[in-house]
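Nothing in this text is a laboratory measurement; each read-out follows from the coordinates by a stated rule. Keep in mind it's a predicted model, so treat the numbers as computed, not measured. Virtual Cβ from ideal backbone geometry, glycine too; neighbours counted across all protein chains shown.
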């Protein structure tokens, strides 16, 4: 995540999302602006709720496919 943010920080206006972290009962709220970001634990996942991470990026000229590939690598590393 750090590499992705540093590489595209000048073009990132805002990003936020809810992440599902392996072996953690709570959702992780991740948000930021350019190089500044925070990650905070939120409530526990509800019974029947799909444990799926979702991120939204708002920016200029962002390489969508590269960002998708980087997240796919993160997902593979925790499965």
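Brief remarks on what is shown
- Most mobile listed residue (20, 47, 39) in the chain, GNM with C-alpha springs under 10 Å: 47
- Options (1) 13.1, 39; (2) 20.5, 56; (3) 12.3, 40 - which one matches Rg and Dmax of the Cα atoms in Å as calculated here: (1)
- Helical content alone sets the calculated 222 nm signal of the chain at -8500 deg cm²/dmol, taking -39,500 (n - 2.57) per DSSP H segment of four or more residues and averaging over every residue.
- Rounded to 0.05, the FRET efficiency of the residue 49 and residue 2 pair, given R0 = 35 Å and the Cβ-Cβ distance, is 0.80.
- Helix 64-78 and the longest principal axis of the C-alpha atoms of the chain enclose an angle of approximately 40°.
- Rel. contact order, % - alpha carbon contacts under 8 angstrom, at least six apart, the range 2-78: 33 percent
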